[in-house]
Amino acid sequence: MDNYRVSRRRFLATLGGLSAGMLLRPAWPASAAQERLSKPVPASGERLPVIGLGTSRTFDRPPRSEQSRALRPVMQAFFEHGGGVIDTSPMYGHAEAVLGELLGTVAHDRKQLFAATKVWTWGEQEGIEQMQRSMQHVGVERFDLIQIHNLRDWEVQLETLKAWKAAGKVRYIGITTSHGRFHDELEVILATQPFDFVQLSYNIGNREVEQRLLPLAQERGMAVLVNRPFMRGELFSRVRAKALPEWAAEIDCSSWAQFFLKFAVSHPAVTCAIPATSKVKHLVDNMGAGYGRLPDTDMRARMLQHMQSV
């Protein structure tokens, strides 16, 4: 759910030739022997790639239009580079319909796709009808994951989701927030309710959820999806005109985007990060973070220290 198109474009334009050799070389792993990084869903052991795709803002285009068709190469590149998890929501305008349109035009294995959406409304019947529309828009018989968006009417929607899961209409159920003001309430919910997934904002510049929510999710056996891994583009602003440190090669990073993503997904509680983009070059760059080595505890501390100095 992280929209960073303008920030990253300005960031790269500002760099110009200053550090092109460091930042703009091919983002794909140099060694074909590197395997795609994945992490297990605690509830089942199913493994998911650590880098997925968000659709907030970037996929909100008029369906069956020139603008939506322009996203087709992004979707194709996502699957070609080992992608699986795609996250959307009725809140994102036309994103669900555009996602369904694109899935119908690109080559992919349905088994590779992990389709996630959200329910974002009030009332039991309204929630049921919204989720049914979401299935029609995306073109799936069932979603892999449906999440309660920003805690909206969560007690009512949870009862429906539990019933759908028991009936095999959805594989996993979850809850989300991208707002710190909901963290206290979310903590109480996670401590008492049977969610398989939680989605929240986490990045190297905003680590509030490390204090309580990530440990709680890990303790409760919940998978974690990370939105806003680039802090809505602010992280790129912080490193504008700064060369990537040479030691980033120790974790197979060739760009700042990979640096930021690998920090997020290396947290033990995090399962997958879902950056959003409408640019193929950014998509390929992001997917490169899903290969090679992840930072260990010492490297994460080094990354934090470096970001505090830039």
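Of all residues in region 243-266, which are surrounded by fewer than 21 Cβ atoms within 10 Å (Cβ to Cβ) and touching a Phe, Trp or Tyr at 6+ places or on another chain (Cβ under 8 Å)?
244, 252
How many residues are touching a Phe, Trp or Tyr at 6+ places or on another chain (Cβ under 7 Å) and under 15 Å from residue 269 (Cα atoms) if we restrict to region 175-203?
Kept after step one, since they are touching a Phe, Trp or Tyr at 6+ places or on another chain (Cβ under 7 Å), are these residues of region 175-203: 175, 189, 196-197, 203.
Subset that is under 15 Å from residue 269 (Cα atoms): 196-197, 203.
Qualifying residue count for the region: 3.
Confirm whether residue 273 is among the hydrophobic types (A, V, I, L, M, F, W, C) and at pLDDT 95 or above.
Answer is yes for this residue.
What number goes with the only condition from (1) within 29 Å of residue 73 (Cα to Cα); (2) touching a strand residue (DSSP E or B) at 6+ places or on another chain (Cβ under 7 Å); (3) assigned to a helix (DSSP H, G or I) that residue 257 does not pass?
So the condition that residue 257 fails would be (2).
Every residue, every condition in (1) modelled with pLDDT of 95 or more; (2) part of a loop (DSSP other than H, G, I, E, B); (3) more than 23 Å from residue 264 (Cβ to Cβ), yes or no:
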| site | (1), (2), (3) |
| --- | --- |
| 58 | yes, yes, no |
| 64 | yes, yes, yes |
| 74 | yes, no, no |
| 110 | no, yes, yes |
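Which of the residues spanning region 97-124 are polar (S, T, N, Q) and crowded, with 18+ Cβ neighbours inside 10 Å?
If the condition is that a residue be polar (S, T, N, Q) and crowded, with 18+ Cβ neighbours inside 10 Å, then 117, 121 are the ones that fit.
Yes/no matrix, rows are residues, columns are (1) at pLDDT below 85; (2) surrounded by fewer than 21 Cβ atoms within 10 Å (Cβ to Cβ); (3) among the aromatic types (Phe, Trp, Tyr); (4) touching a Pro at 6+ places or on another chain (Cβ under 6 Å):
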| residue | (1), (2), (3), (4) |
| --- | --- |
| 8 | yes, no, no, no |
| 11 | yes, no, yes, no |
| 17 | yes, yes, no, no |
| 32 | yes, yes, no, no |
| 95 | no, no, no, no |
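From 212, 293, 240, which residue is in contact with a Ser or Thr (Cβ under 7 Å, 6 or more places away or on another chain) and among the basic types (Lys, Arg)? Can you show your working first?
On the way: 212 fails: in contact with a Ser or Thr (Cβ under 7 Å, 6 or more places away or on another chain); 293 fails: in contact with a Ser or Thr (Cβ under 7 Å, 6 or more places away or on another chain).
One residue alone meets the criteria, 240.
Only one of (1) within 22 Å of residue 93 (Cα to Cα); (2) exposed (fewer than 13 other Cβ atoms within 10 Å of the Cβ); (3) touching an Asp or Glu at 6+ places or on another chain (Cβ under 8 Å) is not met by residue 159, so which one is it?
Residue 159 satisfies every listed condition except (1).
Is it true that residue 127 is over 22 Å from the mean Cα position of the chain (by Cα) and surrounded by fewer than 17 Cβ atoms within 10 Å (Cβ to Cβ)?
When the stated conditions are applied, residue 127 does not pass them.
What are the residues in region 281-307 that are more than 27 Å from residue 77 (Cβ to Cβ), of a type outside the set (S, T, N, Q) and without any contact (Cβ under 8 Å) to a residue 24 or more places away in the chain, if any?
Those that are more than 27 Å from residue 77 (Cβ to Cβ), of a type outside the set (S, T, N, Q) and without any contact (Cβ under 8 Å) to a residue 24 or more places away in the chain: 298, 301.
Condition first: of a type in the set (A, V, I, L, M), free of Cβ contacts under 8 Å to residues at least 24 places away in the same chain and assigned to a helix (DSSP H, G or I). Can you find one or more residues in region 231-254 that meet it?
yes
The values are calculated or read from the model by the stated rules, or taken from the named source; none is laboratory data. Every value quoted in this text rests on a predicted model; they were computed, and no experiment measured them. Note: ideal-geometry Cβ built from the backbone for every residue, glycine included; neighbour counts use all protein chains shown.
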